[in-house]
Ligand code: ARG
C-alpha cells in the first residue's frame, strides 16, 4: 500500500511503479540520505519538535540500517519508489511511531536536493585528487624531457621546434584549470537546502544552520523555491567534467598519433596497450581511444541534463529525477578514465631520437632563419620572402637549412654568414625562445615551478 493511500481509491499500476521508481539508481545515495536524516532528527529533537527519546532512537536505528546496507543485508524494493522512502519505511518497520515522526518539517524535495549535493561534494573531492595525480605525472614527464626536441605543429604540419617538456606543460596548464574549475564548483554548491520543505519552507521552528553545520556545509540556500528546484550545481559539474574530458581527449589523440609508426614518438607499456585478434604485429592504443570515445558520453550527460531542466517551472517537477543517472554516469566515467590515463602516461616510453628525427625534417627552423636576417637589419617581410625561396631551393636539391652550403645562402642574401649554421641549430632555436611561456629551459623551469607550487599547496 502506498504512503498516499488515504487520498487515492486504488493502487498504482505496476508499470507505473516501474517507470516512477528511482530506487534502482538513487540507492547509491543511501549514506548521504541517512546522514541527512540523522542531522535532521537531532535538530528536531533539540528544538523540541519531536521528543529527545524519539530522536535518539531514530538516530540509533538509522545507524543499524546503514550497517545493514553496507553489509549487503538490505533489500531495496521497487514499491518503495526511492531511497528516501525505502529508508523511512524500514525505519518505521523497525521502531514504529518514532520512525513516522522523522519526516516532520521535511519533504523529499529538499531531502533529495540535500543528498545529491552531499554526494557530489565527496565525488568532486575524489576527482580533484585524481586530477592532481595526473598533473603531477605531467610534471614528472616534463622534468625528464626539458632537452627533448620535437616539432610543434599547427594544422598538424611541422611548424616550429619545441621540447617535450614544453608540450607536457601545455597539458599541465589545462589540467590545472580543470582542478580550479572543480574547486569553484564545489565552493558554489556547498549549501544545505534542507529546510526548504516541499517548496515554501515550513512552519516548524527548525534550525537550518544546525543541520548545515552538522553535515559540513558552508552555508544554507537562501530561497526555498530555489533550494528545491536548483540543479545548477549538477549541470556545472557536468560542464566541468566535459571540459576535462575534452582536454583528456586531445592528449589521447596525440598519444594515438605518437604511437603510430608514422610518428613513433612514444611507446605504451604492455599493461596499457592491447593486441589484435588477427594481426600479430599490432599494439593498439585502445585506452587512449576509449578516453577519446568516452568524452562523447560525458558531453551527452551535459546535454541531457540541460535539456531536462530547460523551461521547467518552479519548483520541483518529477522531470528532475532524471538528473541522477546523467551525473552518476559522467562521474563514473571520469573516475574510471583518470587513473588509467595517468598510469598509461606514467609508464609510457618517450623516444627522443624519433622526436629529434621528425624535428630535423620539415624546415621547422625557417622562422628562426628569417629572424637571423631580421637581426641583421632586414625587415621581417623581406626576410620571410627570402626564406620561402630558400626552402623551395632546399626541397629541390634535397638539402636542409643545416646543410645548405654558405655560397648558396649568400646567393639569396649577402647578409648570410658562417654564423647562420649556429642560428638554425634546433637547440639554439629552442633556447632563444626564452620569453615567459616559451620552450627554453629557463622558461619551462618557471612553468614547472608554478605548477609544482600549485600541487604542493593542495597536497599538504
Ligand atoms: N526520487 C525523487 C527524485 O529523485 C525524489 C523527490 C520526489 N519528490 C516528489 N515530490 N515526488 O527527484
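Nothing in this text is a laboratory measurement; each read-out follows from the coordinates by a stated rule. Since the structure is predicted, the reported quantities are computational estimates derived from the model, not experimental observations. In this analysis, Cβ positions are derived from the backbone assuming ideal geometry, glycine residues included, and neighbour counts consider all displayed protein chains.
Normalising the average separation of contacting C-alpha pairs (under 8 angstrom, six or more residues apart) by the number of residues puts the relative contact order of segment 1-126 at 32 percent. Shape descriptor for segment 207-282: Rg over Rh equals 1.36 (Cα atoms; Rh from the Kirkwood inverse mean 1/r).
Going from the residue with the fewest nearby Cβ atoms within 10 Å to the one with the most, 425, 283 rank 283, 425. Look at the alpha carbon pairs under 8 Å that are at least 6 residues apart: their mean separation over the length of segment 213-329 gives a relative contact order of 32 percent.
Over the C-alpha trace of segment 394-460, radius of gyration and Dmax come out as 19.2, 62 angstrom. Length, then width, then depth: along the principal axes, the Cα atoms of segment 95-135 run 53, 21, 9 Å. Cα convex hull, segment 323-409: 195 Å³ per residue, rounded to a whole number. Computed over the alpha-carbon pairs of segment 271-378, the distance histogram in 10 Å steps reads 11, 21, 20, 18, 16, 11, 4, 0 percent, short to long.
Each peptide in 270-277, 256-263 receives the mean, over its residues, of other Cβ atoms within 10 Å, and ordering these scores from highest gives 256-263, 270-277. Cα axis of helix 108-144 to longest principal axis of the chain: angle in degrees, 0 to 90, nearest 10? In the chain, helix 108-144 runs at an angle near 20 degrees to the longest axis. Each peptide in 452-458, 203-209, 221-227 gets a packing score, the mean of other Cβ atoms within 10 Å over its residues, and the list from highest to lowest is 221-227, 203-209, 452-458. How tilted is helix 441-459 with respect to the longest principal axis of the chain? Cα atoms for both, answer in degrees (0 to 90, nearest 10). Tilt relative to the chain: about 10 degrees.
Restricting the calculation to alpha carbons of segment 133-228 gives Rg and Dmax of 23.8, 70 angstrom. The length gained by stretching the chain between residue 445 and residue 187 to full extension, at 0.36 nm per residue less their Cα-Cα distance, is 89.7 nm.
Alpha-carbon geometry of segment 20-123: the Rg and the Dmax are 12.9, 36 Å, given in that order. For segment 151-289, the fraction of C-alpha pairs more than 25 angstrom apart is 54%. Comparing Cα centroids, segment 388-416 and segment 313-340 end up 60 angstrom apart.
For the chain, averaging the sequence separation of C-alpha pairs within contact (under 8 Å, six or more residues apart) and dividing by the residue count gives a relative contact order of 16 percent. Taking only Cα atoms, what is the 0 to 90° angle, nearest 10, from helix 30-46's long axis to the longest principal axis of the chain? In the chain, helix 30-46 runs at an angle near 50 degrees to the longest axis.
Dividing the helix sum by the residues of the chain, where each DSSP H run of 4 or more adds -39500 (n - 2.57), gives a mean residue ellipticity at 222 nm of -20500 deg cm²/dmol.
The alpha carbon convex hull volume per residue for segment 1-81 rounds to 115 Å³. Between Rg and the Kirkwood Rh of segment 314-460, both from Cα atoms, what is the Rg to Rh ratio? Reported Rg/Rh (Cα atoms, Kirkwood Rh): 1.26. The value for segment 308-353 of Rg(Cα) / (2.2 N^0.38 Å) is 2.06. In the distance distribution for the chain, Cα-Cα pairs more than 39 Å apart total 43 percent. Taking Cα centroids, how far is segment 29-61 from segment 362-376 in Å? The two parts, judged by their Cα centres, are 74 Å apart.
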